[in-house]
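Nothing in this text is a laboratory measurement; each read-out follows from the coordinates by a stated rule. Since the structure is predicted, the reported quantities are computational estimates derived from the model, not experimental observations. Glycine gets a Cβ as well: all are built from the backbone with ideal geometry, and neighbour counts include every protein chain shown.
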Amino acid sequence: MIFHFAVGIGLIIATLVIVAKIINIRTAKKAEHIPGVSLLSNLSLFLNPQLNFHLYSERLIPTLEKLGVKQNGGGHLYRITVGGVNYIINTSPAVFHEVAVSKYKLFDRPPDFCALTNFNPHSKEANSLFGCSHEPGVGAWKRIRAIVDRAFTDNNLRKILERGTYDVVNNLLKKWRSQPEGQTVDASADMDATVMDMIAQGGYGIKTDCVNGNDMIFPRMVKNIFRTMLLFIVMRRSIVKLIPFAKTYYYFWPEWRKLLGGFIDVSRQRMLDEPGVHQGDILSAMIKTSDEQSALSTEEMIKTLSDLTIAANDTTSATLQFALYEIAKQKQIQENIRQEIDALYEKRDVDSKDSLPTFDEIVSEMPYTKAVMQEALRKYPVAPYIVRYATRDVKLDNNTLIPKHSQVVNVFRIMHNDPEIWGPDAHEFKPERFVNDAVFEKVPRSAHSPFAAGPRNCVGKRLAEMEIILTLSTLVRNYNLELFDKGEMETRTIITAHPLRALKLKISKRNIQ
């Protein structure tokens, strides 16, 4: 009995392997004009195909070249066929511009990515800001994006800074001031907590104190989002349901939904109690815009808030950490920022000497600090790659055919550090690249795309930039920063890129006149 059962299972597995192999061969033939390799991924029967994204690192292309695979003549394109999918690895800014901008209607987010970002196990069809189109260039995401875009206007960003972000940054300063002179701080933990407070305050209008270890319910819930994402990256949802320890994360949605639903109710009540008063947060601006246009349903609102929280959390914190590492490492960069921020304060009257930089000052009077942020995003792109799915056969401007259903993996980690684009010093951290217009104008279009490009670029780009510039300039104005560990920055990628080790800084107070 057991023998026959084992034989039966063996035959089933063998059949599945053969079928997978046939599918892989047929899929590879559609893109055989693009040099590459075909791999049989039997595990894809059980694992989420998104797991293959972890192949797309800076080690991938050298590995392919060692196997004798050369890029095609029309552009920096390579192919990996695995699990019945053609992944087209792209390191060309020109190709990325086509995929994301000029031919964006022919490409979509990969279906597996859309499933990955749907955390509600009870609703597979939830409309989403990060969602896929049901047909090329069309989808609910456009309606949602139009509403969300209006929540990120300059006027709203000013209010968010004034009514929330300033308090968060001042709270971080207060914590650092409480440290003994010359104390070492865990900058990674402090940036994580500071950004979480910014999301709560600027995103939801909820005041938290994560930087001091208080009000930790919200950050714990956000961590559950990422744990759930990791499970969905590794395994298919149908498999996750069968794992006892995974059910805790898989079914956290009702609790998360209840939390966000409460935030929405509180925001609506505040708007009723204070009609005409700008609340200074993204949620209230979204509610107002949604009421004026085609309204978002409660489920769409919750899903959109989840998307924004995911997009803002680790990315902003990691960029701050990468920038602080280089600022502490290179004293001249630190001094240049300090001169810029000190000059700004020297022009102020006595009454405004103690207030943080305004929105207009950040935009127009802090070009060097902005360049430091841009260079951090170049050298350490927190989104190392962006994937787009071909909804039909697409011929690129270089005459390369991208077969329907292929996934184009645009590898920013390579584009942003390519000596052919940035020069022989591409591996060095030089903010001057973004200060000197004559230098930056030589860079190909879309070569620097840390926030992606086109209609589906990062909706919160401007807010993230404001928060990063404000935080960096404020810390450098008030403190001398020095690395505790003099080693080189190493990164790891789990969905987004982060420092491999916690960033520790030795801080000493400056005498500010």
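Whole-Hz Karplus values for segment 86-94 come out as 8, 9, 9, 7, 10, 10, 9, x, 5 Hz, taken residue by residue from phi with 6.51 cos²θ - 1.76 cosθ + 1.60 and θ = phi - 60°; glycine and proline positions read x.
Could you please rank MET191, MET301, placing first whichever residue has the fewest other Cβ atoms within 10 Å of its Cβ? Write out the running numbers ahead of the final one.
Values: MET191 26, MET301 21.
Lowest to highest Cβ neighbour count: MET301, MET191.
Ranked by the mean number of other Cβ atoms within 10 Å of their residues, highest first, the peptides 102-108, 490-496 come out as 102-108, 490-496.
What does the C-alpha gyration tensor say about the overall shape of segment 435-504? Classify as rounded when a/c is under 1.5, otherwise prolate if a/b is larger than b/c, or oblate. It comes out prolate by the Cα gyration axes. When the trypsin sites (Lys or Arg not before Pro) in segment 376-442 are filtered for DSSP coil states and for at most 15 other beta-carbon atoms within 10 Å of their beta-carbon, the remaining sites are ARG392, LYS404, LYS442. For segment 314-391, the Kirkwood radius over C-alpha pairs fed into Stokes-Einstein at 20 °C and 1.002 mPa s yields D = 148 µm² per second. Cβ-Cβ distance of LYS207 and LYS506, R₀ of 45 Å, FRET efficiency by 1/(1 + (r/R0)^6): the value works out to about 0.90.
From most to least packed by mean Cβ count within 10 Å, the peptides 464-470, 425-431 give 464-470, 425-431. Taking label positions 7 Å along the Cα-Cβ direction at both ASP154 and PHE440, the computed distance is 1.7 nm, reported to one decimal.
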